[in-house]
Structure formats: structure tokens, C-alpha cells
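*Asks:* Before anything else, here's the structure in question.
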Amino acid sequence: ACSFSFVETYGAIGKDFIEIHHRNPVSKYVGETKVDPSTDMAAVCANCHRMIHRDPENPLSIEELRQIIAQHTK
């Protein structure tokens, strides 16, 4: 959502590090649920992941978070 790069910021320790966000909340799954990583998941930095879930009852979409970031980034 924010284009943050762990490797650019932290060097080697940040290589291959990212958080994965389930676009459809896992808490809403009923029984065994098939997940397609290409459409049902998104790679996000830890800060963006927390902001997406800031209101657990109404998580933001990646697109909504990008709009918020754009409004507050100069």
C-alpha cells in the first residue's frame, strides 16, 4: 500500500520480510475455505497491516488505505 521496502531501510536483515494481509478476514471464514493467494492476499508492511485493521469491525481495503496515504503524503 505504501511501497515501503524493508531491505532498503534495514539492509540484509530486511531481505524477504513482509506481512501478508487476507483481503477476506479469516474470522469470517466458515469451515474449510479455499484461498487464492493472488487474489485473496496482499503483501503489506507491518504499519499498513495495522492501519488496515485499526477498526477490527470495519477493516480498510488496500485501495482505501492507499487513498489515505496519498492524502497525507506530500
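The values are calculated or read from the model by the stated rules, or taken from the named source; none is laboratory data. Since we're looking at a predicted model, the values are computed, not measured. As a convention, Cβ positions derive from the backbone with ideal geometry for all residues, glycine included, and neighbour counts pool all protein chains shown. SASA here: full protein model, heavy atoms, side chains in, ligands and nucleic acids out. Shrake-Rupley method; radii C 1.70, N 1.55, O 1.52, S 1.80 Å.
*Asks:* Give the residue that is farthest from I18 (Cα to Cα), with candidates limited to residues of region 29-74 that are within 9 Å of the chain's Cα centre (by Cα) and open to solvent by 70 Å² or more (accessible area, probe 1.4 Å).
*Replies:* If we take residues in region 29-74 being within 9 Å of the chain's Cα centre (by Cα) and open to solvent by 70 Å² or more (accessible area, probe 1.4 Å), then M51 is farthest from I18 (Cα to Cα).
*Asks:* Could you grab me the full set of residues in region 17-60 that are aliphatic (A, V, I, L, M) and assigned to a loop (DSSP other than H, G, I, E, B)?
*Replies:* Scanning region 17-60 gives I18, V30, V35, L60.
*Asks:* Report, ordered by the first and then the second residue, all pairs with beta carbons closer than 6 Å, sequence separation of six or more or different chains, a first member in region 29-52 that is within 24 Å of I69 (Cα to Cα), and a second member that is surrounded by 14 or more Cβ atoms within 10 Å (Cβ to Cβ) and aromatic (F, W, Y).
*Replies:* Hits for this filter: C45/F4.
*Asks:* Which one of these does I20 not meet: (1) modelled with pLDDT under 95; (2) of a type in the set (A, V, I, L, M, F, W, C); (3) under 19 Å from H53 (Cα atoms); (4) open to solvent by 80 Å² or more (accessible area, probe 1.4 Å)?
*Replies:* If we test I20 against (1) modelled with pLDDT under 95; (2) of a type in the set (A, V, I, L, M, F, W, C); (3) under 19 Å from H53 (Cα atoms); (4) open to solvent by 80 Å² or more (accessible area, probe 1.4 Å), just (1) comes out false.
*Asks:* Let me ask something additional. Is region 6-16 home to any residue that is open to solvent by less than 90 Å² (accessible area, probe 1.4 Å) and outside any helix (DSSP H, G or I)?
*Replies:* no
*Asks:* Also, quick follow-up: Here's a check for you: in region 1-36, which residue that is of a type in the set (D, E) and out of contact with any strand residue (DSSP E or B) (no Cβ under 7 Å at 6 or more places or on another chain) is farthest from S61 (Cα to Cα)?
*Replies:* Among them, the one singled out is E8.
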